[in-house]
Amino acid sequence: MKSAISIFFKDWKSELRTRYSVNSLAMFIIVAISVILFSVKDEPLSPYLTAGLLWTVIFFSAMSGLSRTFVSEEERGTFLILQIIASPLNVFSGKLLFNTLLVFLINSIITLLFSLLFSAFIIKNIYLFTAVFFLGNFGIAVSSTVIAAIISKAGAKGTLYPVLSFPVLLPLILILSELTNFSIDGKSVEESLTEILVIICYDVIMLTVSVMLFDFIWKD
Amino acid sequence: MINISVSAENLCKNFGRRFVFKNLNFIFDKPGIYGIAGINGSGKTTLAKIISGVLSPSQGKIYCSVNSLKINPEEIQKYIGYAAPYVVFYDEFTAYENLKMLSVIQGIDFNSNRCEKLLTEFGLYERRNEHLSNYSSGMKQRIKIIFAMMNNLPLIIFDEPITNLDSAGKEIFYRLLKQQAINSLIIIASNEEADLALCSKIIIMENFRK
(Lines give C-alpha, C1' and ligand atoms only; values in the text may rest on other atoms or scores of the structure.)
Protein backbone atom coordinates (compact mmCIF):
# COMPACT_ATOMS: atom_id res chain seq x y z
CA MET A 1 0.00 0.00 0.00
CA LYS A 2 2.92 2.33 0.80
CA SER A 3 4.18 1.78 -2.74
CA ALA A 4 0.75 2.60 -4.23
CA ILE A 5 0.55 5.83 -2.21
CA SER A 6 4.07 6.74 -3.37
CA ILE A 7 3.01 6.25 -7.00
CA PHE A 8 0.00 8.49 -6.33
CA PHE A 9 2.21 11.24 -4.83
CA LYS A 10 4.70 10.83 -7.69
CA ASP A 11 1.87 11.36 -10.22
CA TRP A 12 0.46 14.28 -8.26
CA LYS A 13 3.82 16.08 -8.03
CA SER A 14 4.50 15.29 -11.67
CA GLU A 15 1.10 16.72 -12.64
CA LEU A 16 1.75 19.92 -10.67
CA ARG A 17 5.05 20.35 -12.53
CA THR A 18 4.11 19.26 -16.06
CA ARG A 19 0.32 19.88 -16.08
CA TYR A 20 -0.16 17.04 -18.58
CA SER A 21 -3.81 16.36 -17.66
CA VAL A 22 -5.03 19.50 -15.89
CA ASN A 23 -4.38 21.83 -18.84
CA SER A 24 -6.21 19.65 -21.35
CA LEU A 25 -9.09 19.08 -18.92
CA ALA A 26 -9.43 22.79 -18.12
CA MET A 27 -9.39 23.72 -21.81
CA PHE A 28 -11.98 21.05 -22.59
CA ILE A 29 -14.34 22.24 -19.84
CA ILE A 30 -14.10 25.88 -20.93
CA VAL A 31 -14.63 25.03 -24.60
CA ALA A 32 -17.46 22.52 -24.01
CA ILE A 33 -19.48 24.75 -21.69
CA SER A 34 -18.91 27.80 -23.92
CA VAL A 35 -20.14 25.89 -27.00
CA ILE A 36 -23.28 24.78 -25.13
CA LEU A 37 -23.94 28.36 -23.93
CA PHE A 38 -23.43 29.85 -27.42
CA SER A 39 -25.57 27.24 -29.17
CA VAL A 40 -28.41 27.43 -26.64
CA LYS A 41 -28.45 31.28 -26.56
CA ASP A 42 -31.64 32.44 -24.84
CA GLU A 43 -33.52 29.19 -25.49
CA PRO A 44 -34.98 27.85 -22.21
CA LEU A 45 -33.50 24.47 -21.25
CA SER A 46 -35.45 21.80 -19.40
CA PRO A 47 -33.87 20.58 -16.13
CA TYR A 48 -33.63 17.02 -17.55
CA LEU A 49 -31.69 18.29 -20.56
CA THR A 50 -29.16 20.02 -18.29
CA ALA A 51 -28.68 16.72 -16.40
CA GLY A 52 -27.94 14.93 -19.69
CA LEU A 53 -25.59 17.70 -20.78
CA LEU A 54 -23.79 17.56 -17.41
CA TRP A 55 -22.91 13.86 -17.78
CA THR A 56 -22.05 14.32 -21.47
CA VAL A 57 -19.50 17.00 -20.57
CA ILE A 58 -18.20 14.82 -17.72
CA PHE A 59 -17.84 11.79 -20.06
CA PHE A 60 -15.90 13.71 -22.69
CA SER A 61 -13.74 15.52 -20.14
CA ALA A 62 -12.78 12.09 -18.73
CA MET A 63 -11.92 11.05 -22.29
CA SER A 64 -9.70 14.07 -22.81
CA GLY A 65 -7.66 13.88 -19.61
CA LEU A 66 -7.72 10.59 -17.76
CA SER A 67 -5.69 8.55 -20.23
CA ARG A 68 -2.63 10.72 -19.56
CA THR A 69 -1.76 8.83 -16.37
CA PHE A 70 -0.59 5.80 -18.39
CA VAL A 71 -0.03 7.40 -21.80
CA SER A 72 2.52 9.90 -20.44
CA GLU A 73 4.50 7.04 -18.82
CA GLU A 74 4.53 5.18 -22.15
CA GLU A 75 5.37 8.26 -24.26
CA ARG A 76 8.22 9.33 -21.99
CA GLY A 77 9.54 5.78 -21.63
CA THR A 78 9.18 5.70 -17.83
CA PHE A 79 6.83 2.69 -18.06
CA LEU A 80 9.75 0.27 -17.74
CA ILE A 81 11.13 1.57 -14.45
CA LEU A 82 7.68 1.14 -12.90
CA GLN A 83 7.46 -2.39 -14.32
CA ILE A 84 10.83 -3.22 -12.77
CA ILE A 85 10.30 -1.78 -9.28
CA ALA A 86 6.56 -1.96 -8.56
CA SER A 87 3.99 -4.74 -8.52
CA PRO A 88 1.06 -4.43 -10.97
CA LEU A 89 -1.43 -4.09 -8.09
CA ASN A 90 0.50 -1.18 -6.58
CA VAL A 91 0.77 0.56 -9.95
CA PHE A 92 -2.95 0.18 -10.61
CA SER A 93 -3.89 1.33 -7.09
CA GLY A 94 -1.62 4.38 -7.31
CA LYS A 95 -2.90 5.37 -10.74
CA LEU A 96 -6.51 4.78 -9.67
CA LEU A 97 -6.05 7.01 -6.61
CA PHE A 98 -4.66 9.77 -8.82
CA ASN A 99 -7.43 9.48 -11.44
CA THR A 100 -10.12 9.37 -8.71
CA LEU A 101 -8.83 12.61 -7.19
CA LEU A 102 -8.59 14.22 -10.63
CA VAL A 103 -12.13 13.11 -11.57
CA PHE A 104 -13.56 14.49 -8.31
CA LEU A 105 -11.79 17.83 -8.70
CA ILE A 106 -12.69 18.31 -12.37
CA ASN A 107 -16.27 17.07 -12.03
CA SER A 108 -16.87 19.28 -8.98
CA ILE A 109 -15.82 22.27 -11.10
CA ILE A 110 -18.06 21.17 -14.00
CA THR A 111 -21.04 20.72 -11.64
CA LEU A 112 -20.39 24.09 -9.99
CA LEU A 113 -20.20 25.81 -13.41
CA PHE A 114 -23.44 24.09 -14.48
CA SER A 115 -25.31 25.28 -11.40
CA LEU A 116 -24.00 28.83 -11.92
CA LEU A 117 -24.54 29.07 -15.70
CA PHE A 118 -27.72 27.03 -16.27
CA SER A 119 -30.68 28.33 -14.29
CA ALA A 120 -32.68 25.16 -15.03
CA PHE A 121 -30.09 22.97 -13.28
CA ILE A 122 -31.66 22.94 -9.81
CA ILE A 123 -31.08 19.92 -7.58
CA LYS A 124 -33.92 19.42 -5.13
CA ASN A 125 -32.48 16.40 -3.31
CA ILE A 126 -28.84 17.30 -2.67
CA TYR A 127 -28.17 14.12 -0.62
CA LEU A 128 -29.20 11.87 -3.49
CA PHE A 129 -27.12 13.90 -5.95
CA THR A 130 -24.07 13.79 -3.67
CA ALA A 131 -24.32 9.99 -3.38
CA VAL A 132 -24.76 9.67 -7.15
CA PHE A 133 -21.87 12.06 -7.76
CA PHE A 134 -19.48 10.07 -5.53
CA LEU A 135 -20.45 6.63 -6.83
CA GLY A 136 -20.51 7.79 -10.44
CA ASN A 137 -17.16 9.53 -10.28
CA PHE A 138 -15.54 6.47 -8.75
CA GLY A 139 -17.00 4.27 -11.52
CA ILE A 140 -15.70 6.67 -14.19
CA ALA A 141 -12.25 6.73 -12.54
CA VAL A 142 -11.98 2.91 -12.36
CA SER A 143 -13.15 2.33 -15.95
CA SER A 144 -11.02 5.15 -17.37
CA THR A 145 -7.91 3.96 -15.53
CA VAL A 146 -8.03 0.38 -16.80
CA ILE A 147 -8.91 1.46 -20.36
CA ALA A 148 -6.04 3.99 -20.25
CA ALA A 149 -3.68 1.13 -19.35
CA ILE A 150 -5.00 -0.94 -22.29
CA ILE A 151 -4.66 1.83 -24.88
CA SER A 152 -1.31 3.19 -23.65
CA LYS A 153 0.61 0.65 -25.77
CA ALA A 154 -1.59 1.06 -28.86
CA GLY A 155 -0.83 3.27 -31.86
CA ALA A 156 -3.91 5.47 -32.25
CA LYS A 157 -4.39 6.22 -28.56
CA GLY A 158 -6.51 9.36 -29.03
CA THR A 159 -9.12 7.57 -31.14
CA LEU A 160 -9.06 4.26 -29.31
CA TYR A 161 -9.71 5.71 -25.84
CA PRO A 162 -13.25 7.08 -26.41
CA VAL A 163 -14.11 4.14 -28.70
CA LEU A 164 -13.21 1.57 -26.01
CA SER A 165 -14.63 3.67 -23.18
CA PHE A 166 -18.01 4.30 -24.78
CA PRO A 167 -19.53 0.79 -24.38
CA VAL A 168 -17.98 0.42 -20.92
CA LEU A 169 -19.15 3.78 -19.58
CA LEU A 170 -22.51 3.95 -21.40
CA PRO A 171 -24.53 1.95 -18.81
CA LEU A 172 -23.01 4.04 -16.02
CA ILE A 173 -23.71 7.37 -17.75
CA LEU A 174 -27.33 6.32 -18.47
CA ILE A 175 -27.98 5.41 -14.81
CA LEU A 176 -26.20 8.54 -13.59
CA SER A 177 -28.29 10.69 -15.89
CA GLU A 178 -31.46 8.97 -14.64
CA LEU A 179 -30.49 9.44 -10.99
CA THR A 180 -29.63 13.11 -11.60
CA ASN A 181 -33.17 13.51 -12.99
CA PHE A 182 -34.47 11.89 -9.77
CA SER A 183 -32.51 14.35 -7.65
CA ILE A 184 -33.82 17.24 -9.80
CA ASP A 185 -37.36 15.90 -9.16
CA GLY A 186 -36.61 15.71 -5.43
CA LYS A 187 -37.11 11.94 -5.16
CA SER A 188 -35.85 10.36 -1.95
CA VAL A 189 -32.85 8.01 -1.65
CA GLU A 190 -35.24 5.14 -0.78
CA GLU A 191 -37.17 5.65 -4.02
CA SER A 192 -33.93 5.57 -6.02
CA LEU A 193 -32.42 2.58 -4.22
CA THR A 194 -32.57 0.19 -7.21
CA GLU A 195 -30.60 2.56 -9.45
CA ILE A 196 -28.11 3.31 -6.66
CA LEU A 197 -27.54 -0.43 -6.19
CA VAL A 198 -26.92 -0.77 -9.92
CA ILE A 199 -24.14 1.85 -9.69
CA ILE A 200 -22.64 0.16 -6.62
CA CYS A 201 -22.65 -3.17 -8.52
CA TYR A 202 -21.06 -1.48 -11.55
CA ASP A 203 -18.30 0.01 -9.36
CA VAL A 204 -17.60 -3.30 -7.59
CA ILE A 205 -17.59 -5.31 -10.84
CA MET A 206 -15.36 -2.82 -12.66
CA LEU A 207 -12.93 -2.64 -9.74
CA THR A 208 -12.72 -6.44 -9.44
CA VAL A 209 -12.33 -7.00 -13.18
CA SER A 210 -9.73 -4.22 -13.44
CA VAL A 211 -7.59 -5.62 -10.61
CA MET A 212 -7.77 -9.13 -12.11
CA LEU A 213 -7.07 -7.91 -15.65
CA PHE A 214 -4.31 -5.47 -14.85
CA ASP A 215 -1.62 -8.15 -14.38
CA PHE A 216 -2.09 -9.21 -18.00
CA ILE A 217 -2.21 -5.64 -19.31
CA TRP A 218 0.87 -4.60 -17.36
CA LYS A 219 3.07 -7.50 -18.44
CA ASP A 220 4.00 -8.11 -22.09
CA MET B 1 26.92 -12.81 3.73
CA ILE B 2 23.63 -13.07 1.88
CA ASN B 3 22.80 -16.38 0.21
CA ILE B 4 21.26 -15.78 -3.21
CA SER B 5 20.70 -17.94 -6.24
CA VAL B 6 19.10 -17.43 -9.65
CA SER B 7 18.49 -20.31 -12.00
CA ALA B 8 16.66 -20.97 -15.25
CA GLU B 9 15.09 -24.24 -16.33
CA ASN B 10 14.45 -24.93 -20.03
CA LEU B 11 13.80 -21.26 -20.70
CA CYS B 12 12.41 -20.40 -24.13
CA LYS B 13 11.27 -17.09 -25.54
CA ASN B 14 9.65 -16.48 -28.87
CA PHE B 15 8.06 -13.39 -30.40
CA GLY B 16 5.47 -14.79 -32.78
CA ARG B 17 7.22 -17.46 -34.85
CA ARG B 18 10.72 -16.18 -34.14
CA PHE B 19 12.57 -17.94 -31.32
CA VAL B 20 14.94 -15.65 -29.44
CA PHE B 21 16.41 -18.55 -27.45
CA LYS B 22 15.50 -22.16 -26.61
CA ASN B 23 16.22 -24.57 -23.75
CA LEU B 24 18.30 -22.12 -21.80
CA ASN B 25 19.50 -23.51 -18.44
CA PHE B 26 21.80 -21.85 -15.94
CA ILE B 27 22.49 -21.63 -12.23
CA PHE B 28 24.07 -18.64 -10.53
CA ASP B 29 24.25 -19.82 -6.94
CA LYS B 30 26.24 -17.27 -4.94
CA PRO B 31 27.05 -13.55 -4.88
CA GLY B 32 29.45 -12.50 -7.60
CA ILE B 33 29.48 -11.15 -11.13
CA TYR B 34 27.94 -13.19 -13.95
CA GLY B 35 27.66 -12.33 -17.61
CA ILE B 36 25.27 -12.62 -20.52
CA ALA B 37 27.08 -12.22 -23.83
CA GLY B 38 26.02 -12.42 -27.44
CA ILE B 39 25.80 -10.57 -30.71
CA ASN B 40 23.21 -7.81 -31.26
CA GLY B 41 19.71 -9.28 -31.31
CA SER B 42 20.77 -12.51 -29.62
CA GLY B 43 18.38 -11.95 -26.69
CA LYS B 44 20.58 -10.52 -23.93
CA THR B 45 18.09 -7.78 -23.04
CA THR B 46 15.16 -10.20 -23.37
CA LEU B 47 16.81 -12.58 -20.89
CA ALA B 48 17.61 -9.68 -18.52
CA LYS B 49 13.96 -8.58 -18.67
CA ILE B 50 12.73 -12.14 -18.05
CA ILE B 51 14.98 -12.49 -14.98
CA SER B 52 13.69 -9.16 -13.65
CA GLY B 53 10.07 -10.22 -14.15
CA VAL B 54 9.26 -7.59 -16.78
CA LEU B 55 8.77 -10.20 -19.53
CA SER B 56 7.31 -13.67 -19.15
CA PRO B 57 9.12 -16.61 -20.71
CA SER B 58 7.24 -18.52 -23.44
CA GLN B 59 8.30 -21.77 -21.76
CA GLY B 60 10.36 -22.75 -18.74
CA LYS B 61 10.87 -21.05 -15.41
CA ILE B 62 13.14 -18.71 -13.54
CA TYR B 63 13.83 -19.53 -9.89
CA CYS B 64 15.17 -17.02 -7.44
CA SER B 65 15.89 -17.57 -3.76
CA VAL B 66 17.30 -15.30 -1.08
CA ASN B 67 18.67 -16.95 2.09
CA SER B 68 17.04 -20.25 1.02
CA LEU B 69 13.66 -18.51 0.76
CA LYS B 70 12.02 -18.90 -2.63
CA ILE B 71 10.98 -15.54 -4.12
CA ASN B 72 7.68 -15.53 -5.98
CA PRO B 73 7.82 -13.81 -9.40
CA GLU B 74 5.18 -11.33 -8.13
CA GLU B 75 7.52 -10.20 -5.34
CA ILE B 76 10.80 -10.04 -7.27
CA GLN B 77 10.56 -6.22 -7.60
CA LYS B 78 11.66 -5.74 -3.98
CA TYR B 79 14.88 -7.70 -4.48
CA ILE B 80 16.10 -6.38 -7.79
CA GLY B 81 18.23 -3.47 -8.95
CA TYR B 82 18.28 -2.77 -12.69
CA ALA B 83 20.22 -0.31 -14.78
CA ALA B 84 20.15 -0.02 -18.56
CA PRO B 85 20.35 2.80 -21.12
CA TYR B 86 16.72 2.21 -22.15
CA VAL B 87 15.41 2.67 -18.59
CA VAL B 88 14.13 6.23 -18.28
CA PHE B 89 13.74 8.20 -15.05
CA TYR B 90 11.48 11.22 -14.51
CA ASP B 91 12.86 14.39 -16.12
CA GLU B 92 10.58 16.70 -14.13
CA PHE B 93 12.15 15.60 -10.82
CA THR B 94 15.65 16.23 -9.52
CA ALA B 95 18.19 13.41 -9.40
CA TYR B 96 17.84 13.17 -5.62
CA GLU B 97 14.03 13.21 -5.81
CA ASN B 98 14.14 10.43 -8.42
CA LEU B 99 16.37 8.24 -6.26
CA LYS B 100 14.30 8.81 -3.13
CA MET B 101 10.90 8.48 -4.79
CA LEU B 102 11.77 5.35 -6.75
CA SER B 103 13.18 3.66 -3.62
CA VAL B 104 9.93 4.30 -1.76
CA ILE B 105 7.88 3.02 -4.73
CA GLN B 106 10.04 -0.12 -4.66
CA GLY B 107 9.03 -0.55 -1.00
CA ILE B 108 12.53 0.06 0.37
CA ASP B 109 13.43 2.52 3.14
CA PHE B 110 15.48 5.28 1.56
CA ASN B 111 19.08 5.23 2.81
CA SER B 112 20.17 8.86 2.40
CA ASN B 113 23.75 8.23 3.60
CA ARG B 114 24.37 5.48 1.05
CA CYS B 115 22.69 7.57 -1.67
CA GLU B 116 24.82 10.64 -0.90
CA LYS B 117 27.98 8.50 -0.74
CA LEU B 118 27.31 7.07 -4.21
CA LEU B 119 26.40 10.51 -5.61
CA THR B 120 29.75 11.77 -4.29
CA GLU B 121 31.62 8.77 -5.76
CA PHE B 122 30.08 9.43 -9.19
CA GLY B 123 30.73 13.17 -8.93
CA LEU B 124 27.06 14.16 -8.96
CA TYR B 125 26.56 15.28 -5.34
CA GLU B 126 26.82 18.99 -6.15
CA ARG B 127 24.23 18.65 -8.92
CA ARG B 128 21.85 16.33 -7.06
CA ASN B 129 19.14 19.00 -6.82
CA GLU B 130 19.06 19.74 -10.55
CA HIS B 131 16.20 18.44 -12.68
CA LEU B 132 17.11 15.33 -14.64
CA SER B 133 16.14 17.17 -17.84
CA ASN B 134 19.36 19.20 -17.41
CA TYR B 135 21.52 16.07 -17.19
CA SER B 136 23.59 14.67 -20.06
CA SER B 137 23.04 11.05 -21.14
CA GLY B 138 26.22 10.02 -19.32
CA MET B 139 25.06 11.68 -16.09
CA LYS B 140 21.67 9.98 -16.43
CA GLN B 141 23.43 6.63 -16.83
CA ARG B 142 25.38 7.34 -13.63
CA ILE B 143 22.12 8.04 -11.77
CA LYS B 144 20.65 4.74 -13.02
CA ILE B 145 23.73 2.87 -11.79
CA ILE B 146 23.47 4.65 -8.41
CA PHE B 147 19.81 3.63 -8.14
CA ALA B 148 20.60 0.00 -8.94
CA MET B 149 23.40 -0.09 -6.34
CA MET B 150 22.21 2.17 -3.53
CA ASN B 151 19.82 -0.20 -1.78
CA ASN B 152 22.25 -3.14 -1.53
CA LEU B 153 19.72 -5.45 -3.14
CA PRO B 154 20.55 -9.15 -3.48
CA LEU B 155 20.13 -9.23 -7.27
CA ILE B 156 21.37 -6.48 -9.58
CA ILE B 157 21.11 -6.56 -13.37
CA PHE B 158 23.15 -4.27 -15.58
CA ASP B 159 22.31 -4.23 -19.28
CA GLU B 160 25.05 -2.50 -21.29
CA PRO B 161 26.09 -0.59 -18.13
CA ILE B 162 28.96 1.46 -19.53
CA THR B 163 26.93 2.93 -22.41
CA ASN B 164 27.39 6.73 -22.41
CA LEU B 165 29.93 6.63 -19.57
CA ASP B 166 33.27 8.40 -19.97
CA SER B 167 36.50 6.67 -18.95
CA ALA B 168 36.34 8.14 -15.41
CA GLY B 169 32.75 6.92 -15.06
CA LYS B 170 33.74 3.42 -16.23
CA GLU B 171 36.58 3.32 -13.69
CA ILE B 172 34.26 4.31 -10.82
CA PHE B 173 31.64 1.81 -11.99
CA TYR B 174 34.08 -1.11 -12.11
CA ARG B 175 35.50 -0.25 -8.66
CA LEU B 176 32.04 -0.06 -7.07
CA LEU B 177 30.89 -3.17 -8.94
CA LYS B 178 33.64 -5.26 -7.35
CA GLN B 179 32.65 -3.99 -3.88
CA GLN B 180 28.97 -4.65 -4.55
CA ALA B 181 29.67 -8.19 -5.79
CA ILE B 182 30.62 -9.28 -2.26
CA ASN B 183 26.98 -9.12 -1.14
CA SER B 184 24.96 -9.15 -4.36
CA LEU B 185 24.52 -11.43 -7.31
CA ILE B 186 25.26 -9.19 -10.27
CA ILE B 187 24.34 -10.06 -13.83
CA ILE B 188 25.87 -8.02 -16.67
CA ALA B 189 24.41 -8.27 -20.16
CA SER B 190 27.07 -6.83 -22.41
CA ASN B 191 29.38 -7.22 -25.37
CA GLU B 192 32.16 -5.15 -23.84
CA GLU B 193 35.25 -7.22 -23.11
CA ALA B 194 36.02 -5.10 -20.04
CA ASP B 195 32.59 -5.94 -18.57
CA LEU B 196 32.83 -9.64 -19.35
CA ALA B 197 36.36 -9.88 -17.96
CA LEU B 198 34.90 -9.32 -14.49
CA CYS B 199 32.45 -12.22 -14.79
CA SER B 200 33.05 -15.59 -13.20
CA LYS B 201 30.52 -17.34 -15.45
CA ILE B 202 29.16 -16.23 -18.82
CA ILE B 203 26.06 -17.34 -20.74
CA ILE B 204 26.71 -17.18 -24.50
CA MET B 205 23.33 -16.51 -26.06
CA GLU B 206 24.24 -17.92 -29.49
CA ASN B 207 24.46 -21.39 -27.90
CA PHE B 208 20.70 -21.37 -27.28
CA ARG B 209 19.36 -20.38 -30.68
CA LYS B 210 18.79 -23.92 -32.03
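The values are calculated or read from the model by the stated rules, or taken from the named source; none is laboratory data. Keep in mind it's a predicted model, so treat the numbers as computed, not measured. We place every Cβ from the backbone using ideal geometry, glycine too, and count neighbours over all the protein chains shown.
A compact table of results
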read-out: Only listed residue being under 25 Å from A:K95 (Cβ atoms) and either surrounded by 15 or more Cβ atoms within 10 Å (Cβ to Cβ) or more than 14 Å from chain B (Cβ to nearest Cβ) (or both), chosen from A:S188, A:S210, A:S177, A:S192; value: A:S210
read-out: Test: residue in the stretch A:153-160 that is among the hydroxyl-bearing types (S, T, Y) and farther than 30 Å from A:L45 by Cα; value: yes
read-out: The lone exception for B:A83 - which of (1) in contact with a strand residue (DSSP E or B) (Cβ under 7 Å, 6 or more places away or on another chain); (2) more than 9 Å from chain A (Cβ to nearest Cβ); (3) under 19 Å from B:R142 (Cα atoms); (4) free of Cβ contacts under 8 Å to residues at least 60 places away in the same chain it fails; value: (4)
read-out: Selected residue [crowded, with 21+ Cβ neighbours inside 10 Å, of a type outside the set (A, V, I, L, M), at positive phi and more than 12 Å from chain A (Cβ to nearest Cβ)] from B:G38, B:G32; value: B:G38
read-out: Pick from the stretch B:41-57, criterion within 10 Å of another protein chain (Cβ to nearest Cβ) and not in a helix (DSSP H, G or I), ranking: nearest to the chain's Cα centre (by Cα); value: B:S52
read-out: Answer residue from the stretch B:106-141, given it is in a helix (DSSP H, G or I) and of a type in the set (G, A, S) and is nearest to the other protein chains (Cβ to nearest Cβ) among those; value: B:S133
read-out: Residue within the stretch B:125-134 that is acidic (D, E), within 24 Å of A:S3 (Cβ to Cβ) and surrounded by fewer than 21 Cβ atoms within 10 Å (Cβ to Cβ) present; value: no
read-out: Condition met for B:Y90 (within 17 Å of B:I145 (Cα to Cα) and assigned to a loop (DSSP other than H, G, I, E, B)); value: yes
read-out: Unique residue being basic (K, R) and farther than 25 Å from A:W218 by Cα when the list is B:K13, B:K30; value: B:K30
read-out: So B:N164, is it over 28 Å from B:I71 (Cβ atoms) and in contact with a strand residue (DSSP E or B) (Cβ under 7 Å, 6 or more places away or on another chain); value: no
read-out: Given (1) in contact with a Gly (Cβ under 9 Å, 6 or more places away or on another chain); (2) without any contact (Cβ under 8 Å) to a residue 60 or more places away in the chain, index of the condition A:L160 fails; value: (1)
read-out: Condition met for A:E195 (more than 30 Å from A:G77 (Cα to Cα), more than 17 Å from the chain's Cα centre (by Cα) and either in a helix (DSSP H, G or I) or touching a residue at least 24 places away in the same chain (Cβ under 8 Å) (or both)); value: yes
read-out: Qualifying position, being in contact (Cβ under 8 Å) with a residue 60 or more places away in the chain and touching a helix residue (DSSP H, G or I) at 6+ places or on another chain (Cβ under 8 Å), among B:S52, B:S65, B:S103; value: B:S52
read-out: Whichever residue in the stretch A:1-56 is of a type in the set (F, W, Y) and over 30 Å from A:S93 (Cα atoms) and, among such residues, is surrounded by the most Cβ atoms within 10 Å (Cβ to Cβ); value: A:Y48
read-out: Of all residues making up the stretch A:141-159, the number that are closer than 20 Å to A:G77 by Cβ and out of contact with any Leu (no Cβ under 7 Å at 6 or more places or on another chain); value: 7
read-out: Which numbered condition B:S103 fails, given (1) within 27 Å of B:I204 (Cα to Cα); (2) within 11 Å of chain A (Cβ to nearest Cβ); (3) hydroxyl-bearing (S, T, Y); value: (1)
read-out: Yes/no for B:L155 being at pLDDT 90 or above and touching a Cys at 6+ places or on another chain (Cβ under 8 Å); value: yes
read-out: Any hit, the stretch A:98-114, residues being within 14 Å of chain B (Cβ to nearest Cβ) and buried (at least 17 other Cβ atoms within 10 Å of the Cβ); value: yes
read-out: Subset of the stretch A:76-87 (residues that are part of a helix (DSSP H, G or I) and at the interface with chain B (Cβ under 8 Å from one of its Cβ atoms)); value: A:R76, A:L80, A:I81, A:L82, A:Q83, A:I84, A:I85
read-out: Condition broken by A:S61, with the remaining ones in (1) surrounded by fewer than 20 Cβ atoms within 10 Å (Cβ to Cβ); (2) free of Cβ contacts under 8 Å to residues at least 60 places away in the same chain; (3) of a type in the set (S, T, Y); (4) more than 14 Å from chain B (Cβ to nearest Cβ) satisfied; value: (1)
read-out: Yes/no for B:I146 being surrounded by 15 or more Cβ atoms within 10 Å (Cβ to Cβ), outside any helix (DSSP H, G or I) and either among the aromatic types (F, W, Y) or within 14 Å of chain A (Cβ to nearest Cβ) (or both); value: no
